[in-house]
Amino acid sequence: MKKGLSIFFFTCLAVISCHAQNDPRHANILPDAKTVSYELVLSRLNNPWGFVFLPNGEMLITEKSGNIKRTKGDQVLDSKVKGGPESTRQGQGGLMDIALHPDFGNNSWVYFTYASSEGSGSGAMTAVSRAKWNGTAFTDHTVLYKGSPNTRAGQHFGSRLAFDRDGYLYFSIGDRGQRDVNPQDITRDGGKIYRIHDDGRIPDDNPFADLRGAKKAIFSYGHRNPQGMAQNPITGDIWAHEHGPRGGDEVNLIRKGRNYGWPVISYGINYSGTSFTDITEKEGMEQPVSYWKPSIAPCGMDFLANSAYSGWDGDLIVGSLKFSYLVRCVIEDNKIVRQERIAEGIGRVRSVKQGPDGYLYVGVEGKGLYKLIPAR
C-alpha cells in the first residue's frame, strides 16, 4: 500500500512539473549571459531591508535590526539615525521598507514599514508610518496604519511600499502564518495589499471602503507574503511579487479589489511535500503574471527606466534570497516573455532599486550594498 501511494505521489509531481513546463507563465530562467558585473559600494550591512537616495547624494538604509543608517559613497555618516520608528524584532519581522514621498524635495516626508508591538494582543504586526527628514534626523513620526491583532507568529510580515502616479501609497502585509484565516477574509488584516493617501486617510474609492466590517484600506487580497512591490513607470501599474511555499512564488499585476487566490489556488505545495490544495485556477481568482517552481524566494524588485543598461528599460528586476542572483524579467504587454539570471553569486538579495545615476543597487544580507556594472 505504501509503495502504491509513493508511486501515485511522484506521478502527480511529474504531471505538475510537465504542466509547469508547458505554461508560458512558468518560463525557464536562462543562464547568466554575463551582461553585468557587480562591485561592493558599502560594506558592514547585516540585513539591508530597504534604501532610498536623497537629493544631496546621501542614502538612508533600513536594517532589520531597527537601525537606520545615513551613508554617502562608502562612508557611514550615522549608524543610528534618530527619530524613526521603534520596531519590534520578532522572527522575520523588524524594521523593513523605506520610501520617499514623490514630492520629497518640497515636503521631506519619508515612509516606513516595520513590525510593531503597539495595539491589541501580544506579539507584533506590520505597521506603516511616516516622519519628516531634517537632514540628520527624523521628526514628527506618525503611525499611518497598524495591522491588527498582534500575534506571536514570526513569519510573513511582508512588507514593501510603493507610490503610484496619483500619489496613493501602497503597502503589503503578509498572512502572518495564518494561511487559512487571514488572506481570504477582508474583515481581517494580513495577506493583503493596501492603498491609502499619503497622510494615512482611506481613499473613498477603495474597493471595500463602503462594505461594513471590511478593512477599508484593502486594495487586493488573497496574498501570502509580498516582499517586492514597484510601479511600472511605463504603464503606471503597481506590480508585486510574493513568496509561495515550496514552489508557487508569484509575480502579480495588482488590480483593485481582486482576489489573488492564496491559499485556495496555488502552484506550490507544503514544505513537507504534501499538498494543501489540488487546484491552480478558480473563477473569481487572479492568475499570476508569472510563477516560479521551484521557489527562488523573491525579495526586492524594481523596474528600469532611463537606466545605464542598454535595451533593459521597461524590464523588471527581481532579487532571489535562495539562489543568490537577480532575475531580469523582460515584459511585453503585461506579460513576462523571457527571464535571465544576472549577477549570479552576489548573495542573498534583500533589496533592489535603481539609483538616480541609472545604475541598479542591491542590498545583500551579511555583505552590504552592491552596484551592478554593465559588461564592457
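Just a few scattered comments:
- For the stretch 182-196, a tally of residues being farther than 12 Å from HIS223 by Cα and of a type outside the set (Lys, Arg) returns 2.
- Condition broken by SER117, with the remaining ones in (1) in contact (Cβ under 8 Å) with a residue 60 or more places away in the chain; (2) over 18 Å from the mean Cα position of the chain (by Cα) satisfied: (1)
- Within the stretch 354-376, restricting attention to residues that are among the aliphatic types (A, V, I, L, M) and at pLDDT 95 or above, the residue that is farthest from ARG70 (Cα to Cα) is ILE373.
- Against the test of being within 23 Å of GLN354 (Cβ to Cβ) and part of a loop (DSSP other than H, G, I, E, B), the options PRO85, PRO102 yield a single qualifying residue, PRO102.
- One residue alone among ARG70, ARG25 is at pLDDT below 95 and not in a helix (DSSP H, G or I), and that residue is ARG25.
- Yes/no for ILE234 being surrounded by fewer than 18 Cβ atoms within 10 Å (Cβ to Cβ), in contact with a Phe, Trp or Tyr (Cβ under 9 Å, 6 or more places away or on another chain) and part of a loop (DSSP other than H, G, I, E, B): yes
- The set of residues from the stretch 105-127 being part of a strand (DSSP E or B) and of a type in the set (S, T, N, Q) comprises THR113, SER116, THR126.
The values are calculated or read from the model by the stated rules, or taken from the named source; none is laboratory data. Bear in mind that the values here come from a model prediction, so they are computed numbers and not experimental data. Please note: Cβ atoms are built from the backbone with ideal geometry, for glycine as well, and neighbour counts cover all protein chains shown.
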